[in-house]
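**Student:** My questions will all concern the structure given below.
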Amino acid sequence: MPAIGQSKIMILATDGFEQSELEVPLQKLKEAGAKVEIVSLEAGEITGWDKDDWGKAVPVDKVLADASASDYDALVLPGGQINPDLLRVEEKAVSFVKAFDKTGKPLAAICHAPWLLIEAGLVEGRKATSYKSIKTDMINAGARWEDSTTVRDGNLITARNPGDLDAFCAAIIEAVEGGSAQRSAAE
């Protein structure tokens, strides 16, 4: 894996992303030196959800149809209830997440974003966390769910909520700089 300053990281999102869960990783990864692109289903802008109402719009750098997993060193999936629910019914988004996981590069999901991991069939037998309201979804999909700030299982990094953003971003940076440890055969 490249040093964070030579890395290219994708944030995949659509309307209804949790404002802080896109903006904080975007800021912290850029501050660390990474090139970060916001990728969505359509060109233009996507609008966040900020606690209890629509938040700010952010520009889309690239449409998902034009993106390739091989172009990125990490994939970040912000949560919010609306964003991952819309993405998990889009076959191209689910297929991209599956393809990205196969690269072994860091795949990070926070809050409700693990819904996308569930839809892609990526949590079975893996340690992970999520927002508490989807804990049962995670367990039913076969995840070994734990109530921890950030959980890493091989290339998969998960976090619970906006309060975990500092640890989540640090784990992404560490994974990009240190490479993705492969899941052990024992897991």
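**Student:** Kindly provide the set of residues from region 163-187 that are more than 20 Å from LYS132 (Cα to Cα), of a type in the set (A, V, I, L, M, F, W, C), surrounded by fewer than 20 Cβ atoms within 10 Å (Cβ to Cβ) and modelled with pLDDT of 85 or more, ordered by number.
**Tutor:** Residue satisfying the conditions is ALA170 alone.
**Student:** Right, here's the next one. Applying the selection to region 117-133, what residues are assigned to a helix (DSSP H, G or I), over 26 Å from SER7 (Cα atoms) and of a type outside the set (Asp, Glu)?
**Tutor:** Selection gives ILE118, LYS132, SER133.
**Student:** Cβ contacts < 6 Å: first residue at pLDDT 95 or above, restricted to region 114-126; second residue basic (Lys, Arg) and surrounded by fewer than 23 Cβ atoms within 10 Å (Cβ to Cβ), any location; separation 6+ or different chain. Result?
**Tutor:** Once the first residue is at pLDDT 95 or above and sits in region 114-126, its partners that are basic (Lys, Arg) and surrounded by fewer than 23 Cβ atoms within 10 Å (Cβ to Cβ) give TRP115/ARG88; LEU116/ARG88; GLU119/ARG88; ALA120/LYS98.
**Student:** Conditions: (1) closer than 26 Å to GLY5 by Cα; (2) modelled with pLDDT under 95; (3) not hydroxyl-bearing (Ser, Thr, Tyr). ALA99 meets all but one. Number of the miss?
**Tutor:** Of (1) closer than 26 Å to GLY5 by Cα; (2) modelled with pLDDT under 95; (3) not hydroxyl-bearing (Ser, Thr, Tyr), only one is false for ALA99: (2).
**Student:** If you don't mind, another one. Of all residues in region 65-84 being of a type in the set (D, E, K, R) and touching a residue at least 40 places away in the same chain (Cβ under 8 Å), which is surrounded by the fewest Cβ atoms within 10 Å (Cβ to Cβ)? Steps first, answer last, please.
**Tutor:** Start the filter on region 65-84 by keeping residues that are of a type in the set (D, E, K, R), which leaves 66, 71, 73.
Within this subset, residues satisfying the condition of being touching a residue at least 40 places away in the same chain (Cβ under 8 Å) are 71, 73.
On the way: ASP71: 12, ASP73: 23.
Ranking the qualifying residues of region 65-84, first place goes to ASP71.
**Student:** Here is a follow-up. Considering only residues that are surrounded by fewer than 20 Cβ atoms within 10 Å (Cβ to Cβ) and either aliphatic (A, V, I, L, M) or within 16 Å of VAL63 (Cβ to Cβ) (or both), look in region 26-37 and name the one that is modelled with the lowest pLDDT. Steps first, answer last, please.
**Tutor:** To start, the set of residues in region 26-37 that are surrounded by fewer than 20 Cβ atoms within 10 Å (Cβ to Cβ) comprises 27-28, 30-33, 35, 37.
Applying the additional criterion that residues be either aliphatic (A, V, I, L, M) or within 16 Å of VAL63 (Cβ to Cβ) (or both) yields 32, 37.
Details: ALA32: 95, GLU37: 98.
Here the residue is ALA32.
**Student:** Considering only region 135-145, state which residues are buried (at least 23 other Cβ atoms within 10 Å of the Cβ) and touching a Phe, Trp or Tyr at 6+ places or on another chain (Cβ under 8 Å).
**Tutor:** The answer is MET138, and nothing else.
**Student:** Can you run down the residue pairs with Cβ atoms below 7 Å, 6 or more apart or on separate chains, where the first is in region 10-21 and in a strand (DSSP E or B) and the partner is among the acidic types (Asp, Glu)?
**Tutor:** These pairs meet every condition: MET10/GLU37.
**Student:** Another one. Sort out which residues of region 100-116 are assigned to a helix (DSSP H, G or I), over 15 Å from GLU146 (Cβ atoms) and within 14 Å of the chain's Cα centre (by Cα), and write them in order of number. Give the steps one after another, and end with the answer.
**Tutor:** The first filter runs over region 100-116 and keeps only residues assigned to a helix (DSSP H, G or I), leaving 100-103, 114-116.
Going one step further and asking which of them are over 15 Å from GLU146 (Cβ atoms), we end up with 100-103, 115-116.
Selection gives PHE100, ASP101, TRP115, LEU116.
**Student:** Among the residues of region 146-157, which ones are surrounded by 23 or more Cβ atoms within 10 Å (Cβ to Cβ) and touching a helix residue (DSSP H, G or I) at 6+ places or on another chain (Cβ under 6 Å)?
**Tutor:** Scanning region 146-157 gives a single hit, ILE157.
**Student:** Criterion first (under 27 Å from ASP15 (Cβ atoms), touching a residue at least 12 places away in the same chain (Cβ under 8 Å), of a type in the set (S, T, N, Q) and not in a loop (DSSP other than H, G, I, E, B)) does THR136 satisfy it?
**Tutor:** On the way: under 27 Å from ASP15 (Cβ atoms): yes; touching a residue at least 12 places away in the same chain (Cβ under 8 Å): no; of a type in the set (S, T, N, Q): yes; not in a loop (DSSP other than H, G, I, E, B): yes.
When the stated conditions are applied, THR136 does not pass them.
**Student:** Just a yes or no: is a residue in region 53-64 among the acidic types (Asp, Glu), part of a loop (DSSP other than H, G, I, E, B) and either within 22 Å of GLU119 (Cβ to Cβ) or free of Cβ contacts under 8 Å to residues at least 40 places away in the same chain (or both)? Walk me through it before giving the result.
**Tutor:** From region 53-64, those among the acidic types (Asp, Glu) are 53, 61; that's our starting set.
Then drop every residue that is not part of a loop (DSSP other than H, G, I, E, B), which leaves 61.
So of that shortlist, the ones also either within 22 Å of GLU119 (Cβ to Cβ) or free of Cβ contacts under 8 Å to residues at least 40 places away in the same chain (or both) come out as 61.
Among the residues of region 53-64, at least one is among the acidic types (Asp, Glu), part of a loop (DSSP other than H, G, I, E, B) and either within 22 Å of GLU119 (Cβ to Cβ) or free of Cβ contacts under 8 Å to residues at least 40 places away in the same chain (or both), which makes the answer yes.
**Student:** Then there's this: Could you say which residue among ALA109, ALA93 is within 24 Å of ALA34 (Cα to Cα), buried (at least 19 other Cβ atoms within 10 Å of the Cβ) and free of Cβ contacts under 8 Å to residues at least 60 places away in the same chain?
**Tutor:** Within the list ALA109, ALA93, the selection yields ALA109.
The values are calculated or read from the model by the stated rules, or taken from the named source; none is laboratory data. No experiment lies behind these values; they were computed from the predicted model shown. Note: ideal-geometry Cβ built from the backbone for every residue, glycine included; neighbour counts use all protein chains shown.
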